[in-house]
Every structure is written in structure tokens, then in C-alpha cells.
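Everything below concerns the one structure shown next.
The values are calculated or read from the model by the stated rules, or taken from the named source; none is laboratory data. All values derive from a computational prediction rather than experimental measurement. Using ideal geometry, Cβ is built from the backbone for each residue, glycine included, and neighbour counts are taken over all protein chains shown. Side chains are part of the model used for accessible areas, which takes the heavy atoms of the whole protein and leaves out ligands, DNA and RNA. Shrake-Rupley method; radii C 1.70, N 1.55, O 1.52, S 1.80 Å.
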Amino acid sequence: MSWANFYRERVIIHYTKENVTQALVPPIIVLNSNRYRFLRAFQWSPHAWPVLNEILADVQCQPMHVLLFAACTILLKIKREAYILTPERVLHLKSCLIQHLQEAALLPFGRPLVIQLALCLVHLGLYYASCCHELPELSEAMVQNCPEHIRAFLVLLELLPWEAREFIFRVRPDREPSIYRHLWEHAPHVVTLMGHLIGNDNIGIEGEKQCLRVIIAWTQHGVMDADDLINSRVFLRVSLILHHEEVHIHAEACSVLVALLKSAWISRQLQLQIFEIGNSLEDKFLRAVARNKKALMANYVAVFLQLASTTLTVAQGTPTFELGAHGKALFRVLLQVTRYCEWSAVELAMKHWQKLMCELNHFRKGSAFEPLLRDLMRILFERIQLRDCHQHSGLHHSTRFAGFRRRVAETVRAMAPLVTPIIMETFWSIAQNPASPWMQVEAAAFILLPFINPYNMLKASLYERLLKILSQRPENIFRGIERRVQKKLRKRTQVTSNEPNCSS
């Protein structure tokens, strides 16, 4: 009987491996076609389980899109029918999925299928609260002498923390404490297992990367203790990778540090050892800059930015950050990012600069950081200078460079209360010097305008001084700056003239 007659006569069809696989050829299925309705009815049918198992058991002969359809259907049915499956059915399904996962791992291009089957096992365990309990048993079944089986199990471990979080958020928020407790209890087993596998030559470099990605996933989701990781063989391997700058796995090693810092951000507890390791990468970053190793630079910058975010969050409002060496060390690594990196990285650093300036201003410790502030202003002064093409037409506000300068202006405003007259005088001397190129004078005026704001009593005279300097410059770009300064001066004059009336 054809599919058209089947839907016309509303008869019950018997699903088999043959008619399901036939419906999947060709793989492109038109919405609401007979084949589409047939496969949708199959996915909802309670009799689909044995057919799906039969399709996946024939992994060597079936096309990949058929196998993926079967795996995705199993995942769909686990979510829909999890609460009506008997314990015997669950055990049988788990045994079949493990076998299918082992067979899929041996396929040359079987990674998509491995991911789907791993998701099936993870969700089966989450729905029945057994995934964490069975991790040691599952690791014994998968971690044998077969490298493909080991890598498939690593895929499952990498997916588990994320899927557990999504399961809690979307399905069972009430089970959050129990699920995270089980994950936390089994984290030492995971880190120990990764320590043994990371030195296994059989899994290759890709397997070693997977081990680090498992550690990253468990750490950044807050289910792995930082002390257990720091004292493990995994962290020793990470330190060696960073020391020898092994390019092929360098990104994953830096990501482990980033994950540790994110975990510290979540717990609001930053171990001194983690801070020192992140800070010790400054020399390696400078060496990567000298050799123009952009990939290594990007890895180090990710560590520095997360180090800044975690340190400022953990130490916010506490004078211990100020009195120790943490503040100056953090200042130095952000200086390197601002000096050598591209605009996007520098813009991310600007957010941390603003928080750092607020902390320094809160504790009135700007004088202790004056040499570093001077270095920062020198770097920003060089990076915001316009090009020759901007001399007559100016800088359009929608360009990428204009957006970068706006981020710098926000940082300079946050820095203004900390700037000493000595630093200001440096930019005044550049602006007043007739020999200074026009782009340096424009950059000096760009920085001086926010610096003038804190000087309420002298604001009018400082604006007049800046106007006098700009009027002596013939370039057209200074006319726009003059208009902005004149507007500020008129506003300040109005405020000053209203002050006696307010007091009276």
C-alpha cells in the first residue's frame, strides 16, 4: 500500500527498518508531504523503539543521515516518554546506546552521530537521576584500549555539565541541588581520569585537546573544585604547555586558565596561585608580540581579560586589592593589551580600565599608580591619533575608528579624577608647541577636554586657554573642536552667572 493510500484510508501501518529507511531516501523531505507525515507519525509511535535500535545496529550499512535521524528520534522520545519508561526498558536502552556509541566511534566521519548518541545517554541519565551515579561504570566500559571509544566518552563528558544546566533550567528546576551535588562528587574522578588519559599516546593530540575541553566544561560551570584541578596532573600538563608554548594545544591550555578564573568569578574566591600564573604570562605575551605570533597573543589576551574581570569582581570595594601588589600587576598586563592588541581587544580592556579607575578613586590611591597612569595616557595618546586623510574631512562618527575613540573617551573620563597636574601639563605642552603635528594637537585636545571637567573653579579659564591654542591652528578639523569648546564655555558661563542668584 502506498503512503498516499495509507493517509487516505487511515489504516495502521507496521513500521519496519525497511520502510523507514526507504522514507528517508532521498534525504530532502518536503514539509507536509506524505513522507514527512509518515516519519512524523513514526517518531510519535510507541512502536518505534525496536526499529530505531535495529537501524543503529546496522551502523556499517546505513547512510549517515539515516543514522542521525534514528539518533535524533531516540533523543526526542527520551524527552517525551522518559516518565513512562519502565526501569527494565531504561536499562535495556542504556545498554543499546552504549553499544551504538562504541560502534559509531569507529566510523571515519562519525562525530555527528557520536554527539547525538552521547546526548541520548546524558539525557537518559538526567531524567532518571542516574547519569552521575553511573559515570565510573560508564568510564570502565568506554575507557579501554580503543582510542576511538575513549574519544567518544570524552565527548559525553564534555557535554554533561552544559546539558545538566539546560535540563535544570528548562525541565526540572527543583532538581538543581541534587544534580549539582552529584556532579561535584564525581568531579575528582573526572579530573583524575583526565590526568591519566592526557599522558596516553594512543589518543593522539586530538584526544589530549578533548581532555582539556572536558576540564574546561566542568570548571567553568562551577562543578569542579579549583584546588583539585591545581593539584592534578592535568594542571601540570597545562603549565608545561604554556612554558614550552606548544602551539597545537596552546589555545586549550589557556582556556583552562580562563575557566579557572571564571570559576573563581562565580565563587568570588580567587586563589593567589591562579592569579600569579595568569600574571606570569606577561613575558610570554611580549615574546609572542616580538615574534608576531597572533594566535598566541590572542590566547594570552583572553587570560588577561578574564584575570582582570575576576580580580576586579572579587576585590571590588575591598582595600586589600589596593594595598597589595595585585592592583599594579593587573595594571601592567592591561597596559600590554592596550599597547599591542587590536581595537576589539583594547575595547574589552577599556571596560576593566573604567572599573579599575573607580577602585583607585574610591580608595584615593591614584598617587601610588601615577607612573602607570602616565604610561597608560601615553599609550592612549598614540593610539587615538588621526591619519593624514582626516585633516580636511574629519573623522566620520560611524567609522570603526570613531567607535574606538568613543570607548577611549569613556575611559579618559573615568580616569580624570586621578590625573595630576603634571600629567595634564604634558598634554598642554604638546598642544601649545607650534612644532607639534596637527594630529598630536588634536589628540591632546581630545584628552584634555575630559581632564578639564573636575576643575570646576578653573574650568572657564582652561577652556579659554584651549581655544587660544586651537585658534592658532589652520587645519579645518580644529574648527569643529573650537565649536564644541565654545559651547562648553558658554554653558559654564551661564552656570557661573546663575550661582549668585541661587545663593541669594
Accessible surface of ASP225 - all protein chains present, 1.4 Å probe, nearest 10 Å²: 50
accessible surface per residue for the chain, probe 1.4 Å, DNA/RNA/ligands not counted, whole Å² -> 49
Carbon + sulfur, % of accessible area of the chain - ligands and nucleic acids excluded, 1.4 Å: 56
Go through SER398, SER429, SER139, SER178 and list them by solvent-accessible area, largest first, probe radius 1.4 Å. SER398, SER429, SER178, SER139
On a 0 to 90 degree scale, rounded to 10, what angle separates helix 343-362 from the longest Cα axis of the chain? 60
Rounded to the nearest 10 Å², the accessible area of SER280 at probe 1.4 Å: 70
Set LYS262/LYS351; LYS328/LYS355; LYS209/LYS328; LYS328/LYS351; LYS294/LYS355, cut-off 22 Å on Cα-Cα distance; pairs above it are LYS209/LYS328; LYS294/LYS355
Order of 230-239, 467-476 by packing, highest average Cβ count within 10 Å first? 230-239, 467-476
Under a straight-distance cross-link criterion of Cα-Cα below 16 Å, which lysines are reachable from LYS94, leaving out those fewer than 8 residues away in the same chain? LYS77, LYS79
Would you please calculate the Kirkwood hydrodynamic radius of region 207-264 over all C-alpha pairs and express it in Å, rounded to one decimal? 11.1
Considering Cα pairs under 8 angstrom that are at least six residues apart, work out the relative contact order of the chain and quote it in whole percent. 7
Can you find, among VAL333, ALA104, HIS196, the residue farthest towards the positive end of the dipole of the chain? Put +1 on the C-beta of Lys and Arg, -1 on that of Asp and Glu. VAL333
Nearest 500 deg cm²/dmol is fine: what mean residue ellipticity at 222 nm does the chain get from its DSSP H runs of n ≥ 4 alone, each adding -39,500 (n - 2.57), divided by its residue count? -24000 deg cm²/dmol
What is the dipole size for the chain, taken about its Cα centre, with +1 at each Lys and Arg Cβ and -1 at each Asp and Glu Cβ, in debye to the nearest 20? 2660
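For LEU372, what charge total do you get from the other residues with a beta carbon under 11 Å from its beta carbon, if Lys and Arg give +1 and Asp and Glu give -1?
Overall, the nearby charge balance is +2.
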In the set [x] 90, 58, 41; [y] 85, 51, 35; [z] 93, 58, 53, which value of Cα extents along the principal axes in Å was calculated from the structure you see? [z]
Let me confirm the definition first: pairs of Lys residues in region 364-489, 8 or more apart or on different chains, C-alpha distance under 17 Å. How many are there? 5
The Kirkwood hydrodynamic radius of region 326-434, taken as the inverse of the mean 1/r over all distinct Cα pairs, in Å, comes to 14.9
With every protein chain present, what accessible area does MET64 have (1.4 Å probe, heavy atoms only), rounded to the nearest 10 Å²? 60
From largest accessible area down, sort LYS294, LYS262, LYS77; use a 1.4 Å probe on the protein chains. LYS294, LYS262, LYS77
